[in-house]
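S.K.: For reference, the structure I am asking about is given below.
The values are calculated or read from the model by the stated rules, or taken from the named source; none is laboratory data. Because the structure is a prediction, the values reported are computed rather than measured. With ideal geometry, Cβ positions are generated from the backbone for all residues, glycine too; neighbour counts draw on all protein chains shown.
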Amino acid sequence: MSAGDEQPKAFSAREIVEELFPATPTRLIPRTLAFDVRFAEDGGRVVRASGGDVALRLRPIPSAGAEATQLCCDLCAWTGPRRDFDTLRAEVPGSQGRRFRYLAACRDADACEARRLDDVAVERLLRTGD
């Protein structure tokens, strides 16, 4: 590479939105998330902290009801028919398996993670049994 050749600067999603769309509401501006939620082999989800440690496992449970019923994903707030969602449960931390939290999550875990704007739902799942 010669002295005149410069690498183009890479911009973060946050920088792009703030520069091109300055009137974007704060809650819609991309930010760095502390947790990563990915599909697990058992059909559930694995929640990992930014360091890569498993923070929580969401296990799949059978879903009942009309397939056409509209649901809202508890992780990314996307809405659609029940057939596009999994019903999951997570053990409440510190409950020794006596209490669980339940949620609906998109079947397409990668698309769900791409739409997730913040960690509020994950942090709610990680709260101890208070």
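S.K.: Can you pull out the residues in segment 66-86 that are part of a strand (DSSP E or B) and crowded, with 17+ Cβ neighbours inside 10 Å? Show your work before the answer.
M.R.: Kept after step one, since they are part of a strand (DSSP E or B), are these residues of segment 66-86: 70-72, 79-81, 85-86.
Once the filter is applied, which keeps residues that are part of a strand (DSSP E or B) and crowded, with 17+ Cβ neighbours inside 10 Å, segment 66-86 yields L71, F85, D86.
S.K.: Can you name every residue in segment 29-83 that is over 20 Å from R101 (Cβ atoms), of a type in the set (A, V, I, L, M) and in contact with a Pro (Cβ under 8 Å, 6 or more places away or on another chain)?
M.R.: A68
S.K.: Let me ask something else. Please go through (1) without any contact (Cβ under 8 Å) to a residue 12 or more places away in the chain; (2) touching a Lys or Arg at 6+ places or on another chain (Cβ under 7 Å); (3) hydrophobic (A, V, I, L, M, F, W, C) for C76 and return the number of the only condition it doesn't satisfy.
M.R.: (1)
S.K.: Sticking with this structure for a sec: Please state which one of E41, E18 is surrounded by 11 or more Cβ atoms within 10 Å (Cβ to Cβ), out of contact with any helix residue (DSSP H, G or I) (no Cβ under 8 Å at 6 or more places or on another chain) and without any contact (Cβ under 8 Å) to a residue 12 or more places away in the chain.
M.R.: Of the residues listed, the single one that is surrounded by 11 or more Cβ atoms within 10 Å (Cβ to Cβ), out of contact with any helix residue (DSSP H, G or I) (no Cβ under 8 Å at 6 or more places or on another chain) and without any contact (Cβ under 8 Å) to a residue 12 or more places away in the chain is E18.
S.K.: Among the listed residues A109, A90, identify the single one that is more than 10 Å from the chain's Cα centre (by Cα) and surrounded by 12 or more Cβ atoms within 10 Å (Cβ to Cβ).
M.R.: Step by step, each of A109, A90 is checked, and only A90 is more than 10 Å from the chain's Cα centre (by Cα) and surrounded by 12 or more Cβ atoms within 10 Å (Cβ to Cβ).
S.K.: Any residue at all in segment 50-62 that's without any contact (Cβ under 8 Å) to a residue 40 or more places away in the chain, surrounded by fewer than 12 Cβ atoms within 10 Å (Cβ to Cβ) and of a type in the set (A, V, I, L, M, F, W, C)?
M.R.: Yes: one or more hits.
S.K.: Right, another one. Could you count how many residues in segment 21-36 are closer than 20 Å to A111 by Cα, surrounded by fewer than 13 Cβ atoms within 10 Å (Cβ to Cβ) and either modelled with pLDDT of 85 or more or among the aliphatic types (A, V, I, L, M) (or both)?
M.R.: Adding up the residues that qualify gives 1.
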